[in-house]
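The values are calculated or read from the model by the stated rules, or taken from the named source; none is laboratory data. This structure is a prediction, so every number in the text was calculated from the model and none was measured. No Cβ is skipped: glycine too gets one built from the backbone with ideal geometry, and neighbour counts run over all protein chains shown.
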Amino acid sequence: MDVAFAFDATYASYLPGAVESVLRTNTQVELWLAATPAAVSVVEKQLVRQVSTRAAIHYLIMDESRLQLGTSVLAELSYISAGANLRLFLADAMPAHVTRFLYLDIDVLVHADLSPLWHVPLGDAVVGAVRDRGTPFMGSHGGPPGLSADLDPASPYFNSGVLLVNPAQWRRRDITRRCIDYLVRYRDRLRYPDQDGLNIVCYGAWLELDDTWNYQYARPGPDEPRPCRDGIRITHYAGNRKPWDADFPAEEHRRRYLEIVDHANVRLIRR
């Protein structure tokens, strides 16, 4: 199973928690890490100790200039790092023998075997993804910048934090270049930068997955369900408050996250 992450130095120190959650629940994993040199330097030694023989690690080194593609102009979304844009380059950077891969954001926890997701038939879809919990439709909250009249505002809109990627279709449809063009064109109006771009260029070409594969806790409260309730396989802490934050309000989630981190002997920078 090929599992990919993309990050810059801002979130690099939190990568081991997500990686550990993958390796505790899955075997025969190959990790593909798209990162800038500065980000790799933050986490490389930790990963060597942590992963050891449990998985193969491949670094896909990204030029720092790719972090200049733009971030959200909305103050409430300033927590979204420019490193998120690096996921746009994964499919083109993968070797030819990788015929699919699972992309995960760093702010996820994997709770169970990912094999059922891994074997989902994608057909001609570019990606398999879960509908965004806070922005379920293309037209939600006014829609992304550049939403044209030929895109139905009532059509589903996906969250890009968990993506089952078909790299052949990604390359055939020239997704990377089209997303870059989107980010450049709307640089002064960006909302959810790469996520909006992906939803526009993948319109009608993605497969909707069950939300147990990307259960999003964007605004967690103390009454949020337990991390593994009702078969949830992947929890995604998609908002500005993360389980490594001291004031994270869902205590059971924070305890589970820190237990995984401590098991991996991660020197976590706790905010």
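At a glance:
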{"item": "Subset of the range 125-168 (residues that are touching a helix residue (DSSP H, G or I) at 6+ places or on another chain (Cβ under 6 Å), at pLDDT 95 or above and surrounded by fewer than 23 Cβ atoms within 10 Å (Cβ to Cβ))", "result": "P167"}
{"item": "Verdict on A9 being in contact (Cβ under 8 Å) with a residue 24 or more places away in the chain, part of a helix (DSSP H, G or I) and either surrounded by fewer than 19 Cβ atoms within 10 Å (Cβ to Cβ) or not β-branched (V, I, T) (or both)", "result": "no"}
{"item": "Yes/no for F101 being at negative phi and either free of Cβ contacts under 8 Å to residues at least 24 places away in the same chain or over 19 Å from the mean Cα position of the chain (by Cα) (or both)", "result": "no"}
{"item": "So T135, is it assigned to a loop (DSSP other than H, G, I, E, B) and within 27 Å of A38 (Cα to Cα)", "result": "no"}
{"item": "Boolean, D113 is in a loop (DSSP other than H, G, I, E, B), of a type in the set (D, E) and touching a Ser or Thr at 6+ places or on another chain (Cβ under 8 Å)", "result": "yes"}
{"item": "Looking only at the range 59-85, and only at residues there that are exposed (fewer than 14 other Cβ atoms within 10 Å of the Cβ) and in a helix (DSSP H, G or I), the one that is modelled with the highest pLDDT", "result": "E64"}
{"item": "Pairs, first polar (S, T, N, Q) in the range 229-246, second modelled with pLDDT of 90 or more and part of a loop (DSSP other than H, G, I, E, B), C-beta under 7 Å, six or more apart", "result": "T235/H111"}
{"item": "Set A91, A34: member being in a helix (DSSP H, G or I) and at pLDDT 95 or above", "result": "A91"}
{"item": "The range 14-38 residues that are of a type in the set (K, R), paired with ones that are surrounded by fewer than 23 Cβ atoms within 10 Å (Cβ to Cβ) and part of a helix (DSSP H, G or I) (beta carbon under 8 Å, 6 or more apart)", "result": "R24/I260; R24/H263"}
{"item": "Total residues in the range 3-16, condition more than 23 Å from L69 (Cβ to Cβ) and under 14 Å from the mean Cα position of the chain (by Cα)", "result": "1"}
{"item": "Any chance E20 is surrounded by 14 or more Cβ atoms within 10 Å (Cβ to Cβ), in a helix (DSSP H, G or I) and touching a helix residue (DSSP H, G or I) at 6+ places or on another chain (Cβ under 6 Å)", "result": "yes"}
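Okay, residues lined up against (1) more than 23 Å from F7 (Cβ to Cβ); (2) assigned to a strand (DSSP E or B); (3) free of Cβ contacts under 8 Å to residues at least 12 places away in the same chain; (4) of a type outside the set (D, E):
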| position | (1), (2), (3), (4) |
| --- | --- |
| G128 | no, yes, no, yes |
| G146 | yes, no, no, yes |
| D152 | yes, no, no, no |
| N159 | no, yes, no, yes |
| Q169 | yes, no, no, yes |
| C179 | no, no, no, yes |
